[in-house]
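Student: Questions regarding the structure given below will be posed in turn.
Here, each number is a calculation from the coordinates, and none is a lab measurement. Owing to the predicted nature of the structure, the values given are computational and were not obtained by experimental measurement. Cβ coordinates were reconstructed from backbone atoms using ideal geometry, including for glycine residues, and neighbour counts include every protein chain displayed.
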């Protein structure tokens, strides 16, 4: 019979050199692994620690950590300034993923301005220009176009 530890999947972030640090949830032992051979595989891996415990893990090859959210906001197309309500599903230093609450014709490559309010104590308003990178029905993935300027409020929120 598998214990609860073995059934729970652990997300492991991979750095730009394809190295992942795997930490055993039972004993805390850490080991850094080269995971280059797993780049194109989207599957769960079974890891076994020297303490004898095994656990499931998935490798996350994203450059930045994404924080899951449920933030209200809206976007406007830069071409016509029409406004549409959204819910921001997750956010990172480099982009966001949101669900549209209204139907509109949005395509990969569209340039938008997104405005959303963080659920921090100051209710910080974030205003960013983005480029649409994925559009799947009402689910939209975007990257921030101004990656040079560091947004300290967003950075603090993502800690």
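Student: Highest mean first, what order results for 52-60, 129-137 on Cβ atoms within 10 Å?
Tutor: 52-60, 129-137
Student: Can you tell me the length gained on complete extension of the stretch residue 125 to residue 94, counting 0.36 nm per residue apart and subtracting the Cα distance?
Tutor: Extra length from residue 125 to residue 94 when fully extended: 9.5 nm.
Student: Ok, one more. Using label points projected 7 Å from each Cα along Cα→Cβ, tell me how many nm separate residue 78 and residue 53, to one decimal.
Tutor: Rounded to a tenth, the inter-label distance reads 4.8 nm.
Student: Same structure, new question: Residue 27 versus residue 145, label points 7 Å from Cα toward the beta carbon: distance in nm?
Tutor: It is 5.3 nm.
Student: Hey, can you rank 15-25, 34-44, 100-110 by average C-beta count inside 10 Å, highest first?
Tutor: In descending order of packing, they fall as 15-25, 100-110, 34-44.
Student: Say R0 is 41 Å: what FRET efficiency, to the nearest 0.05, do residue 85 and residue 42 get from their beta-carbon distance?
Tutor: 0.80
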